[in-house]
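The values are calculated or read from the model by the stated rules, or taken from the named source; none is laboratory data. The model shown is predicted, which means the values in this text are computed figures rather than measured ones. Here the Cβ is made from the backbone with ideal geometry for all residues, glycine too, and neighbour counts use every protein chain on show.
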Amino acid sequence: MKTQDPRAKTPDATIDASCRLPLLVLFNGAALWLVLGLALSVIASLTFHKPEIFACCPMLSYGHAQAAANDLLVYGFCVPAALGVMLWIFARLSQTELVLSPLPFIAAHLWHLGVLVGLVAILTGNTSGFAWLEFPRASAMLLGVAFVLIAISAVATFGQREERELYPSHWFLLAALLWFPWIYSTANLLLVTNWPVRGVAQSIVHWWFTNNFIFVWLALVGLGVVFYLLPKLTGQPLRSKFYALFAFWTLMFFGTWAGIPAGAPVPAWLPTLSQFASMMLVIPILAVAIVLVKTLRGAKLFCGGSTYGYIRLGGLMFLPSAVLLVAAACPQYSRVLEFTWFGAAQVQLHILGFGTIVLLGAINEIVPLIMDKPLPFKKFVPWQFFLSVVGVALFVIPLLIAGVQQGHSNFEPNAGKFWLKLSMGGLVLLLLGSLLLLTNLFLMTLKWKIALVKTVAAAVVAPLENSEVKS
Amino acid sequence: MKSGFSIFLAILLTLGGSWIGFVVAPTMQLGTAKLTTALVTGDTWPQQRTGEATLGQQIYRANGCVACHTMQLRQDGVSFEVVLTSAGKINPTAVSNLISTLTLTGLNKEAADIAADKISAVGGKTETHLTATGADISNYHAVRRSVAADYLYDAPVQLGSLRAGPDLANIGARQPVAAVHLQHLYAPSSVTAKSAMPSYKFLFEVRKQINGVASPDALNLPAEFATAAGYEVVPKPEAKQLVAYLLSLRADAPLYEAPFTPATTKP
Amino acid sequence: MNDDMSDESKSCSLPSSTEPTATRSTVPMWIFVVTLLLLFLGFAFFDKKGGWFDVRVYAPYNSSEELEAAQPKSAAAVAMAAGKKNYETYCGSCHGNDGAGKIAQAPPLSGSEWVMTKGAERLAHIPLAGLGGPIKVEGKDWNMNMAAMGAGLSDTDLAAVLTYIRGSWGNKMGEVSPDDIKKVRAEVGKAPQPYTGEKLMTMPE
């Protein structure tokens, strides 16, 4: 593929180094928000054990902590991590250095500033009142601008590619780059900025946004990354390109119409159409399953805790998550499961079990490459894997059980309480795992900065010996 | 396939479909909704909130109440009941004999029409009453499902997606006493034993009684939740606004979209 | 343990110098067949439950016809519906289907002081006997002739028309019973002369 090109190929190390600055900022911030988000989740779930625990401090009350935790997981971790991974994948697939690399570097700072502003706003009660859109106007504008700047750099890098034919991941990731600004600006303009839509039209726009962001956008990113890294890590080709594209188009075509709950107080055509679309999601689920199984069958490796383990398990997690989404939309089940913890569990499985695990694997794979150094604590990678997997299981499965119990008891107030209390254990494990990532990234950045200072100092003190300093 | 632009266009069209279907179309269909008229009474619906309740909605939003409470009632079906309004003058005995042989409650539309026709054939006069049925309806003492018209004055509309606590769409009709709501916000388990709801003590003020006399606003708490002697718990304005908002939440007027026969018109 | 782990993870991630490739095996036919089958089932589901984009159809109703049939029909509602039909046949052409009246044809009924009376006795004289000569309606002078348009209707039908007039377009007055009509019909007699506004004012409300 690359040998066909007569021109001198850009070495991978050069490509990786060109991504270093923006990706470091994106990943470091993401790791920090992940720790904070999971910590806030733990704080929120303390309320299940002792309801009156935060009666004194409104900032940490369930309504605030839960919203802040969810937003930190998604806007704090998933989006910036995904953007960083996308930049690197686009640069690698194009076999060029990152184009306009100062843009994502600046944008990464803007993004994290936006998340900080949003976090403070939620904790002080200045929320918009719409789940997953709680950030106020100032924060939403920062996030929007930052995303567009990063997308410009990613698309410019894409435009520089030497191999004209597209790899399946290109489709998924390009669609993700286009879709986020679209849904985010629509939702913010119609819901948060001012109130041009009246009444229940607000809720419809909100359901549309939530489904397209949490389910579709995260699926596009997650599958795009899996379809890139899985063949790369196993040395096997993706089987096959057309299955992946079929999954892509059906996911886009049907997935974007899901999300309006069956019992919603809106005219019958809206939830019915949504249930129809959810049922059609069976098709992309089938296609993704075939791609994953066929591609994995070639790879006879067991590497539980390696980055390959993350990507394999994370990719497979898309299947149960999407199946639960379809099941919850089935008319006969939705009657029982709607408005229970079941829905929350599906969302958390999608974010933590699928999106986060894939992105964690990608970060652990990419960071040593862009820094051209191994991670300071390599054993943290498998440790975090096991903590995350057990954590997700211990968090999501009890929530699912609690949801089913709640639905069958017809919302008896104390149904599933035991399982809710148990789910906190999973969150604690996830929090410990995220601390390992944070330690690794921060130590690595610190070492790199010290080395950088030393280089500069050496250059100033003894310019002639510059070349001997290890950078 | 090889051009980024054609892919961009194809993606744009696919995504644009869902944007038009679920953003533009519903906004045009429901975003221009106006006040409607309730059946039977002819009152306009929804009723305008008081200023205090409108402020209370912002307290509800700021505290993230939507994380645990939905505000949307579902309805599984309708049940019809045929009620005799007058036995008529022709043959009252035949009417009462006929009635004793018929099932008049829990009918579907066709069965109700048949029963009504049978009764009118012997000279009796009937009315057909309509009752909403479903788990939410019986669970939350509601009279009908929630419909779009109920939320016309809401900004933001906070339907919620999880019932960690009860549904609040009709809470103003279900529990119309403000004092109960205030006490529940201050100490939930003093109203509902083993309540899972957090306490919202920060919406209240504990202060010294003036001259040892409780102020009219002070909560009347059970002994185990009460403050020290000589002190009293008074709601801050935020708590009062929040309760005013809760009392304004009702889904109890019969509408064309969700008809039912109100209890007051039943003889 | 530590070294084992890192060795193992090294052994299963290949050097990442090669970019991934994809095989080109095509999607089999059966998956398209399943897609079409599901699409068919989905459309059938939407046709059954979706209410075809009607803004007033909510679950548990499946169509606008079903919703219309379920509307509660009290005796008053039935009378209003019958009254509307007869009003639009006999009265609407001059007074307007919106009750606003028509210039040089007939004065308005909505908000008219002749309609918004406590009882319906005086009002009932107009369709039963007819009305001629100058009268004042909502502050405006009218001078028209109206025939006894209601004389041919049964007591029940005319009562329903008057109930409809008194309960529509913002008018909110009580029902008119067939007995009221019977009484007034007896008063005006078999061959009535059209009333004047002055004579009408002498009638009890």
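Here are a few things to note about the model shown:
- Verdict on B:Lys118 being more than 8 Å from chain A (Cβ to nearest Cβ) and without any contact (Cβ under 8 Å) to a residue 24 or more places away in the chain: yes
- Taking the criterion of being more than 14 Å from every other protein chain (Cβ to nearest Cβ) and in contact (Cβ under 8 Å) with a residue 40 or more places away in the chain, the residues of segment B:176-211 that qualify are B:Pro176, B:Ala178, B:Ala179, B:His181, B:Leu182.
- Residues (assigned to a helix (DSSP H, G or I) and facing chain B (nearest Cβ under 9 Å)) located in segment A:250-268: A:Met252, A:Phe253, A:Gly255
- Between B:Thr36, B:Thr14, the distinction of being in contact (Cβ under 8 Å) with a residue 24 or more places away in the chain and surrounded by 14 or more Cβ atoms within 10 Å (Cβ to Cβ) belongs to B:Thr36 only.
- Subset of segment A:162-193 (residues that are more than 23 Å from the chain's Cα centre (by Cα), assigned to a loop (DSSP other than H, G, I, E, B) and more than 9 Å from chain B (Cβ to nearest Cβ)): A:Glu162, A:Glu163
- Scan of segment B:39-67 for residues that are hydrophobic (A, V, I, L, M, F, W, C), crowded, with 20+ Cβ neighbours inside 10 Å and under 30 Å from B:Ala196 (Cα atoms), ordered by number: B:Ala53, B:Ile59, B:Cys65, B:Val66, B:Ala67
- When segment B:21-73 is filtered for residues that are of a type in the set (A, V, I, L, M) and facing chain A (nearest Cβ under 10 Å), the ones remaining, listed by number, are B:Val23, B:Val24, B:Ala25, B:Met28, B:Leu30, B:Ala33, B:Ile59, B:Ala62, B:Val66, B:Ala67, B:Met71, B:Leu73.
- Some residue of segment C:118-137 being touching a residue at least 60 places away in the same chain (Cβ under 8 Å), outside any helix (DSSP H, G or I) and under 23 Å from the mean Cα position of the chain (by Cα): no
- Hits in segment A:45-68 (condition: surrounded by fewer than 24 Cβ atoms within 10 Å (Cβ to Cβ), assigned to a helix (DSSP H, G or I) and either more than 7 Å from chain B (Cβ to nearest Cβ) or of a type in the set (A, V, I, L, M, F, W, C) (or both)): A:Ser45, A:Leu46, A:Phe48, A:His49, A:Met59, A:Leu60
- Of everything in segment C:54-68 that is over 15 Å from B:Asp76 (Cα atoms) and at the interface with chain B (Cβ under 7 Å from one of its Cβ atoms), the residue that is farthest from the chain's Cα centre (by Cα) is C:Val55.
- Checking A:Phe385, A:Phe377, A:Phe339 one by one, the residue that is more than 22 Å from A:Asn211 (Cβ to Cβ), of a type in the set (Phe, Trp, Tyr) and either touching a strand residue (DSSP E or B) at 6+ places or on another chain (Cβ under 6 Å) or outside any helix (DSSP H, G or I) (or both) is A:Phe377 and no other.
- Number of the exception - C:Ala100 against (1) outside any loop (DSSP other than H, G, I, E, B); (2) assigned by TED's automatic domain parsing to the domain that holds C:Val137: (1)
- Sole residue being surrounded by fewer than 18 Cβ atoms within 10 Å (Cβ to Cβ), closer than 30 Å to A:Thr340 by Cα and not hydrophobic (A, V, I, L, M, F, W, C), chosen from A:Pro398, A:Pro413: A:Pro413
- Among the candidates A:Val99, A:Val120, A:Val79, residue that is assigned to a helix (DSSP H, G or I), under 30 Å from A:Glu165 (Cβ atoms) and β-branched (Val, Ile, Thr): A:Val79
- Restricting segment A:194-224 to residues that are more than 27 Å from B:Phe8 (Cβ to Cβ) and polar (S, T, N, Q), the residue that is farthest from the other protein chains (Cβ to nearest Cβ): A:Asn194
- Any chance A:Val404 is surrounded by 14 or more Cβ atoms within 10 Å (Cβ to Cβ) and more than 25 Å from A:Ile363 (Cα to Cα): yes
- Of residues in segment C:148-203 being among the hydroxyl-bearing types (Ser, Thr, Tyr) and touching a helix residue (DSSP H, G or I) at 6+ places or on another chain (Cβ under 7 Å), the one nearest to C:Pro108 (Cα to Cα): C:Tyr164
- Close pairs (9 angstrom Cβ cut-off, 6 or more residues apart or separate chains): touching a residue at least 12 places away in the same chain (Cβ under 8 Å) in segment A:441-462, part of a helix (DSSP H, G or I) and among the basic types (Lys, Arg) anywhere: A:Trp448/A:Arg20
- Scanning segment B:194-253 for residues that are within 20 Å of B:Gly51 (Cα to Cα) and either of a type in the set (A, V, I, L, M, F, W, C) or touching a Ser or Thr at 6+ places or on another chain (Cβ under 9 Å) (or both) yields B:Leu203, B:Ala239, B:Gln241, B:Leu242, B:Val243, B:Ala244, B:Tyr245, B:Leu246, B:Leu247, B:Ser248, B:Leu249, B:Ala251.
- Criterion violated by B:Leu159 - all others in (1) outside any loop (DSSP other than H, G, I, E, B); (2) within 11 Å of chain A (Cβ to nearest Cβ) satisfied: (1)
- Segment B:162-210: number of residues that are under 15 Å from B:Ser248 (Cα atoms), part of a loop (DSSP other than H, G, I, E, B) and hydrophobic (A, V, I, L, M, F, W, C): 3
- Selection within segment A:141-180 - within 18 Å of C:Thr21 (Cβ to Cβ) and modelled with pLDDT under 90: A:Arg161, A:Glu162, A:Glu163, A:Arg164, A:Glu165, A:Leu166
- Complete set of residues in segment B:71-90 that are under 30 Å from A:Ile122 (Cβ atoms) and in contact with a Ser or Thr (Cβ under 7 Å, 6 or more places away or on another chain): B:Gln72, B:Leu73
- Check on B:Val147, more than 8 Å from chain A (Cβ to nearest Cβ), buried (at least 19 other Cβ atoms within 10 Å of the Cβ) and of a type in the set (Val, Ile, Thr): no
- Checking A:Met279 against (1) more than 24 Å from the chain's Cα centre (by Cα); (2) part of a helix (DSSP H, G or I); (3) buried (at least 23 other Cβ atoms within 10 Å of the Cβ); (4) free of Cβ contacts under 8 Å to residues at least 60 places away in the same chain, the condition it does not meet: (3)
- Restricting attention to segment A:304-346, the residues that are more than 14 Å from chain C (Cβ to nearest Cβ), closer than 30 Å to A:Glu365 by Cβ and not hydroxyl-bearing (Ser, Thr, Tyr) add up to 12.
- Answer residue from segment B:158-176, given it is more than 14 Å from the chain's Cα centre (by Cα) and more than 16 Å from B:Arg145 (Cβ to Cβ) and is surrounded by the most Cβ atoms within 10 Å (Cβ to Cβ) among those: B:Ala164
- Counting only helices (runs of 4 or more DSSP H) that sit wholly inside segment B:76-144, those with at least 1 residues that are of a type in the set (Lys, Arg) are B:109-121.
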